[in-house]
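Structure first, commentary second.
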Amino acid sequence: ETIPSFIFTIFGATGDLAKRKLFPALYSLYREKQLRCNFAVIGVGRKNIDSFEFRTWVKNSIAEFSRLSLCAGEEWEQFAARFSYISFDVKDTAKYAALRSLVEAKEQENKLSGNRMFYLAIAPQLFGTVATNLKESGLTNTKGWKRLIIEKPFGHDYTSAEALNEEIKRSFAEEEIYRIDHYLGKEMVQNIQVIRFANSMFEPLWNNRHIDNIQITASETVGVEDRASYYDRAGALRDMVQNHMLQMVMMVCMEPPSRLKTEAIRDEKVKVMRALRRFSEEEVDRHIVRGQYIAGTIGGKSFLGYREEPDVNPASTTETFVAAKLYIDNFRWADVPIYIRTGKRMPEKLTEIVIQFKELPKRLYFNKNNDLMPNLLIFRIQPNEGITLLLNAKKQGTDSQIIPIGMEYCNDCEAASPEAYESLLHDAILGDSTFFTRWDEVALAWKFIDPIRCAWDKDPCSLAEYEVGTWGPVEAHELLQKDGKRWWTGS
Ligand code: BG6
């Protein structure tokens, strides 16, 4: 599909996200010929720089973070010429008139058709203010389309998310709002649907008659970094579970959509959220483990404990790890535990989904431990994108020594995959919101999260410790052991 002409206004243009993700993504789209002379970018930020300095800023960010090398000469000049900058405080209503003049001037100069994309890469408490000011200044009044892309977090709980949504809705319709969950832009997350619905061999088995349990792990080696002011108030439940982890649950557990259309797909995802069992405050303890890292080492390198990190409250009870046992109460998934686990300062950075199939009705073969591995289907979301199917087979040259064999597919061995932000920006420009989150998904996710938070707030003792460089607190292992199961990822 050809990309229509558009103007892209980025709020927070001198911030971290723009630097690490947005400029490199625009650059890749440009280099890969998806964008040509059909766009302009306006950066809005608090830093007092001019457009010339802004282009250098963009250049440096691409040199540092792009997966493609920086082009030189005329090709770079043509790209850089599309960027301009305006500095103002987004709370200052009067300043939006100047932004509007700049947008109109750039549209004329570049013969753009009036399509306007606004990207909010700013503090979430300003989302509503900017959306309102965009409308009141007339910036949303255009002959082309208008769209708003919003970064997370979308609210802090259900009530704040709903208030934010109401505020934004006054300026943009639901179909004009693109809520980012960058996990949905990851190649292998998008591939889950294809593997499930383009192959005849998995779908017949994709239910509680054949699947024993599902495990989703997203581990990170990084700690809180320089984000304590946000993270210490959010914690892993809000930072990773409410969005990324639940999105992966939806992708794995949704019914096949009737058509490959945005709303048909999102409708099926929402049904998973409706069927996701909500825990009462009393049930939280039995199903959910939360942990916080204490000092330890990863690969021989020592790291501080969470409470010793800069800007973290030394008495903080914020969780940096969550493991949970979830249930989806519908015909397909009744009684199949879905174990999820995510945390900071773990031994490896990886995201993996493991589907464990049920045991055979009777064992005829055994491995050398007098046991037999279950069949596993593993989606490797990152790194080493791909799929592994684990089967049992006879060891070559022996009569009956049974060994597990892995059938492997590598998704990024021949060429690096596009970054999540590239694919999401591309979709947003084309008006495809399939891999963005709809309001009802967000609302239901918060309704699941809120009682858990409430239970924890009342019971600070439920916080377990885990040492840096481990796969979480012992309680996270016990959660599966109690069910006679184990985590397959890591140890
Ligand atoms: C972000 C969280 O949404 O996702 C971060 O705020 C986390 O805390 C990040 O580190 C993980 O994303 P990725 O793409 O590195 O797995």
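The values are calculated or read from the model by the stated rules, or taken from the named source; none is laboratory data. The shown structure was predicted, so the numbers you read here are calculated from the model rather than taken from an experiment. Glycine gets a Cβ as well: all are built from the backbone with ideal geometry, and neighbour counts include every protein chain shown. Side chains are part of the model used for accessible areas, which takes the heavy atoms of the whole protein and leaves out ligands, DNA and RNA. Shrake-Rupley method; radii C 1.70, N 1.55, O 1.52, S 1.80 Å.
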Worksheet entry | chymotrypsin sites (Phe, Trp or Tyr not before Pro), loop per DSSP, at most 12 other Cβ atoms within 10 Å - longest free stretch of the chain | 1-330
Worksheet item: Along the charge dipole of segment 341-407, Cβ charges K/R +1 and D/E -1, which of N375, L360, M346 sits furthest on the positive end?
Response: M346
Fill in: Shape call, segment 408-464: gyration tensor on alpha carbons, a/c limit 1.5
oblate
Fill in: For segment 326-376: rounded, prolate or oblate by the Cα gyration tensor [a/c cutoff 1.5]
oblate
Discussion item. Once you order the gyration tensor axes a ≥ b ≥ c over the Cα atoms, which shape class does segment 213-371 get: rounded for a/c under 1.5, otherwise prolate or oblate by comparing a/b with b/c?
Written reply: oblate
Worksheet item: Straight-line reach from K368: which aspartates and glutamates have Cα under 15 Å away, leaving out those fewer than 8 places along the same chain?
Response: D399
Practice prompt. Could you provide, to the nearest whole Å², the per residue accessible area of the chain with probe 1.4 Å?
Written response: 45 Å²
Worksheet entry | Between helix 96-109 and the chain: long-axis angle, C-alpha atoms, 0 to 90°, nearest 10 | 80 degrees
Item to complete: Compute the label zone of E167 within segment 121-141: residues whose backbone N is under 19 Å from the point 7 Å along Cα-to-Cβ.
Response: 121-140
Fill in: DSSP beta bridges in the chain [antiparallel fraction, %, rounded to 5]
55 percent
Response to the item:
For the chain the mean separation of alpha carbon contacts under 8 Å (6+ apart) over residue count, i.e. relative contact order in percent, is 17 percent
Practice prompt. Compute the FRET efficiency between S302 and R486 as 1/(1 + (r/R0)^6), taking r as their Cβ-Cβ distance and R0 = 25 Å, and round to the nearest 0.05.
Written response: 0.30
Worksheet item: Given just the C-alpha atoms of segment 186-260, how large is their convex hull per residue in cubic angstrom?
Response: 132 Å³
Worksheet item: What part of the accessible area of segment 285-407, given as a whole %, is carbon or sulfur when the probe is 1.4 angstrom?
Response: 53 percent
Fill in: Computed magnitude of the charge dipole of the chain (debye, nearest 20; Cβ of K, R +1, Cβ of D, E -1)
640 debye
Worksheet item: How much FRET efficiency would the formula 1/(1 + (r/R0)^6) give for N384 and R20, where r is the Cβ-Cβ distance and R0 is 22 Å, rounded to 0.05?
Response: 0.50
Discussion item. Which residue, S229, A334, I288, has the largest displacement toward the positive end of the dipole of the chain when charges sit on each Cβ (Lys, Arg +1; Asp, Glu -1)?
Written reply: A334
Item to complete: Among the aspartates and glutamates, select those whose C-alpha is under 17 Å from the C-alpha of K135, and discard any that sit fewer than 8 residues away in the same chain.
Response: D89, D92, E104, E166, E167, E174, E175, E176
Worksheet item: Any idea what log10 I(q)/I(0) is at q = 0.08, 0.12 Å⁻¹ for the chain, Debye with uniform C-alpha scatterers and no solvent?
Response: -0.54, -1.17
Worksheet entry | DSSP-assigned coil residues among GluC sites (Glu not before Pro) in segment 316-417, each with at most 16 further Cβ atoms within 10 Å | E348, E359, E414
Practice prompt. Using only the Cα atoms, work out Rg/Rh for segment 307-442, with Rh taken as the Kirkwood radius, to two decimals.
Written response: 1.07
Discussion item. Helix-only estimate, please: 222 nm mean residue ellipticity of the chain, summing -39500 (n - 2.57) across DSSP H runs of length 4 or more and dividing by its residues, to the nearest 500.
Written reply: -9500 deg cm²/dmol
Response to the item:
With 0.36 nm assigned to each residue of separation and the Cα-Cα distance removed, F357 to E109 gains 83.3 nm
